Amino acid sequence: MKVLKLVLFLSCFVTLTQAQINISGTLKSAKGEPVINANIALKNTYDGSSTDSLGRFTFSTTETGLKTIQFSALNYETDSVTVDLNHSSLALHLILKPSINLLETVAISAGYFIAGDGKKGAVLSALDIATTAGTNADIFAAQQTLPGAQTSFSESGLFVRGGSAAETKTYFDGMLIKSPFNATVPDQASRGRLSAFLFKGTSFSAGGYSAQYGQALSSALILETTDLPEKTTTGISLLSVGVGVDQNIRFKNSALTLGGSYYNLGPTYQLIRQQHHYVKVPEQFSGSLQYKHKTSATGMFKIYATYGESRLALLQENIDAPLAPNYFSNNNHNVYINSTYKEYLTGSWKLDAGFAYDKTADAGLQSVDNYTRNDHMYNGKITITNYFGRLSNFKFGTETFNSGRTESLNGMERGYSDQLSAGFAETDLFLTEKLVLRLGARTEYSSYLGKANLAPRSSLGLKTGRSSQLSFAYGRFYQNPEDEYLVMKALDFEIADHYILKYEINTAHRNFRIEGYYKDYNHLTKEITANLNNSGSGYARGVELFWRDRQSIKNGDYYISYSFLDTKRNFRDFPAMATPAFAAKHTAAVVYKQFIESIQTQVGATYSFASGRPYVNPNNAVYLSDRTKNYNSLSLTVSHLTRLFNQFTVLYLNANNVTGFNNVYGYQYSSDGLNRRAIVPAAKRNLIVGILITIGDNTFVR
């Protein structure tokens, strides 16, 4: 803290040696309504600000003389005004004219749920993710409340529209993350590594996504990080499962963020009965560094680096030998580095470039066998975008991935390495304000597979009314087989074709959508008597509904999602076409949040449902035809706003499955098929209590 105070003092001292001119005011529409999140900037400088919820803004500058102030906002025409900076302060009352109303303009949206600053059809913001009951602020858990996604249960990952976890990929500022999840435990899902508050926007594509992204058969979760923070702040989180600290240091044109956390589930496991026997309770620590620099009025450089380490060990029932339980331990190390640069080369040409590195190492003991597993990926990408007309654009680019895995069991090693190169081109062509066509293609070549592919993508959006839209999308998607197979043999690309039809009504405070889809799988990896090939196939089809309402209930917000899924496939070691164990026919979620102004408290509840899932019963001649009982869970959360030591504070509580439903994920049978054990959650209920303190800011946006 002494170092921080010295930095802040020196920064203030340097600033005060120059004459400061304060510029403040309001920005409103022609109808007199406040324009929020608008950009206010002194042209050809880095000085500026953005408007708050009342359209107010304020900033200071050391510039003098006649200068131009530009102001812009989503759905409004950019405007400017000339001011004389030879006064000590200025009070401005600015007005913006509306541009083409994007809520009345067609958009590419089939298969997409988009959220974040200035995005249409916003569904889940970072704060939504943090305050949704049952998610424990986990990005991936929050996506599971949306239609198309299944509750992960006993396996880590996002399962989307009948696809396996490996078929969904996560992108961090456009760069692929190979290992987005923490260390895994047999029969239990793990949470994601990344904090929701790193990102200003999430785009969850359940299918038909852009040609910019590849190597995902089912879905892409696209995360976009925040830009410069408004001010220097310190965040402290004291939770029942651990502690975390984040320090944001804002400079004039840049910002540095340092963070660290330590989690130990031991105290919680002492209070909440566990259904697993942990020899070493899960323990994790991590550290991160993030630097952002505004290189020009339109340019931004970002670099993010994090290191994490976790360890655990547990005993699991051995159904074939009850007196000799299975032992499993894991020590996990992860390094992730992401660096991106964005700049407008001219008024209509934009450059996006990035590099990312991801390395994950696992080591431990499984029963009596020592194992190691090391995954790595280098990813480089360049995208050029040309904007033409009022809304249209054309983008093209190239990227390369160097990825691989090495693994060992009792000293015996195997592995593979692949250099995958890709090129893509795509245009969003607005034929009219009511009709948009997206045409694109992506090509890839894998050095390890010795194969190339060409994937066409297309989407069509038609505005049918002031707030309604009809969309169609088709795309072909390729993906390398999973690492567990590639370490044994070079195979061929797996293939999925997506067909999507969606109708949506989207207003400022309400959103309704109904979407149907069909997915055709080919060249899936098949394992027949230890021989691998690409003879697998399958299909997935379904209908999804979504309704969100932030208007009917004062200070209330709720959404309802439902998914119907019919899917079968013959892949991996399946003896015949069957519905995989990760696919439930019916899933639904109801999420509700209410802010109570009188006590400055937000309460929330999430109810999740999934119909019974298939499991293998060796006593049944029909493969994967048995079903577990239905899954039910009711979770609650409470966030109370207060002040502690005169600092903005949130008292937080999240309780999962408060009613104590006895959920079963599946069953494991003995080798003779006579006995079985249920695969169940680590605990019937979970409870997290915390105090979140922010020093230097008192903003809480619902």
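The values are calculated or read from the model by the stated rules, or taken from the named source; none is laboratory data. Just so we're clear, the structure is a prediction, and the values are computed from it rather than from any experiment. Note that we place each Cβ from the backbone using ideal geometry, even for glycine, and neighbour counts take in every protein chain shown.
Exactly one residue out of Asn264, Asn182 is surrounded by fewer than 18 Cβ atoms within 10 Å (Cβ to Cβ) and either under 30 Å from Ser60 (Cα atoms) or of a type outside the set (Ser, Thr, Tyr) (or both), and it is Asn264. Out of the residues in the stretch 286-309 that are in a strand (DSSP E or B) and either outside the structural domain of Glu224 (by TED's automatic domain parsing) or small (Gly, Ala, Ser) (or both), which is farthest from Tyr263 (Cα to Cα)? The extreme case among them is Ala305.
Ala255 - would you say it is touching an Asp or Glu at 6+ places or on another chain (Cβ under 6 Å), in the same structural domain as Ala540 (by TED's automatic domain parsing) and either in a loop (DSSP other than H, G, I, E, B) or crowded, with 20+ Cβ neighbours inside 10 Å (or both)? Taking the combined requirement at face value, the residue does not satisfy it. For the stretch 338-345, the criterion of being surrounded by fewer than 17 Cβ atoms within 10 Å (Cβ to Cβ), within 25 Å of the chain's Cα centre (by Cα), closer than 30 Å to Gly48 by Cβ and at pLDDT 95 or above is met by no residue. Determine if the stretch 518-535 includes at least one residue that is more than 30 Å from Tyr448 (Cβ to Cβ) and either touching a residue at least 24 places away in the same chain (Cβ under 8 Å) or within 26 Å of the chain's Cα centre (by Cα) (or both). Within the stretch 518-535, one or more residues are more than 30 Å from Tyr448 (Cβ to Cβ) and either touching a residue at least 24 places away in the same chain (Cβ under 8 Å) or within 26 Å of the chain's Cα centre (by Cα) (or both). Summed over the stretch 555-579, the residues that are surrounded by fewer than 16 Cβ atoms within 10 Å (Cβ to Cβ), over 15 Å from Ser535 (Cα atoms) and not charged (D, E, K, R) give a count of 2.
Matching residues to (1) farther than 28 Å from Gln668 by Cα; (2) modelled with pLDDT of 95 or more:
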{"residue": "Arg513", "(1), (2)": "yes, no"}
{"residue": "Gly516", "(1), (2)": "yes, yes"}
{"residue": "Ser535", "(1), (2)": "no, yes"}
{"residue": "Gly542", "(1), (2)": "yes, yes"}
{"residue": "Gln551", "(1), (2)": "yes, no"}
{"residue": "Leu565", "(1), (2)": "no, yes"}
{"residue": "Ala578", "(1), (2)": "no, yes"}
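Within the stretch 577-592, if we keep just the residues that are touching a residue at least 60 places away in the same chain (Cβ under 8 Å) and of a type in the set (A, V, I, L, M, F, W, C), the residue that is farthest from Ile560 (Cα to Cα) turns out to be Ala581. The residue pairs whose first member lies in the stretch 372-389 and is under 30 Å from Arg311 (Cβ atoms), whose second member is in a strand (DSSP E or B) and charged (D, E, K, R), and whose beta carbons are closer than 6 Å, counting only pairs six or more residues apart or on different chains, are Arg373/Asp362; Arg373/Glu407; Asp375/Arg405; His376/Lys359; Met377/Asp358.
Please specify each residue of the stretch 580-607 satisfying the condition of being crowded, with 22+ Cβ neighbours inside 10 Å, out of contact with any helix residue (DSSP H, G or I) (no Cβ under 8 Å at 6 or more places or on another chain) and either in a strand (DSSP E or B) or not assigned by TED's automatic domain parsing to the domain that holds Gly162 (or both). Correct list: Thr587, Ala589, Val591, Thr606.
Restricting the search to strands (runs of 3 or more DSSP E) fully inside the stretch 36-122 and requiring at least 3 residues that are at pLDDT 75 or above gives 39-42, 48-50, 56-61, 66-72, 79-84, 89-96.
Name the single residue that is modelled with the lowest pLDDT among those in the stretch 450-473 being hydroxyl-bearing (Ser, Thr, Tyr) and either crowded, with 16+ Cβ neighbours inside 10 Å or part of a loop (DSSP other than H, G, I, E, B) (or both). That would be Ser467. When the stretch 543-571 is examined, which residues are found to be free of Cβ contacts under 8 Å to residues at least 60 places away in the same chain and touching a Ser or Thr at 6+ places or on another chain (Cβ under 7 Å)? Those that are free of Cβ contacts under 8 Å to residues at least 60 places away in the same chain and touching a Ser or Thr at 6+ places or on another chain (Cβ under 7 Å): Lys568, Asn570, Phe571. Summed over the stretch 496-554, residues that are in a loop (DSSP other than H, G, I, E, B) and surrounded by 15 or more Cβ atoms within 10 Å (Cβ to Cβ) total 1. If the condition is being over 26 Å from the mean Cα position of the chain (by Cα) and either modelled with pLDDT under 95 or of a type in the set (Phe, Trp, Tyr) (or both), then the stretch 414-443 contributes Tyr416, Leu429, Phe430, Leu431, Thr432, Glu433, Lys434, Leu435, Val436, Leu437. If you go through the stretch 407-451 and keep only what is touching a strand residue (DSSP E or B) at 6+ places or on another chain (Cβ under 7 Å) and without any contact (Cβ under 8 Å) to a residue 12 or more places away in the chain, you end up with Glu413, Leu431.
Here the condition is being closer than 27 Å to Thr398 by Cβ and surrounded by fewer than 21 Cβ atoms within 10 Å (Cβ to Cβ); of Asp227, Asp187, it holds for Asp227 alone.
When Ala455, Ala490, Ala422 are checked against the criterion of being out of contact with any Ser or Thr (no Cβ under 8 Å at 6 or more places or on another chain), among the hydrophobic types (A, V, I, L, M, F, W, C) and assigned by TED's automatic domain parsing to the domain that holds Ala361, a single residue qualifies: Ala490.
Scanning the stretch 142-156 for residues that are surrounded by 23 or more Cβ atoms within 10 Å (Cβ to Cβ) and among the small types (Gly, Ala, Ser), which turns out nearest to Lys684 (Cα to Cα)? Within the stretch 142-156, the match that is nearest to Lys684 (Cα to Cα) is Ala142.
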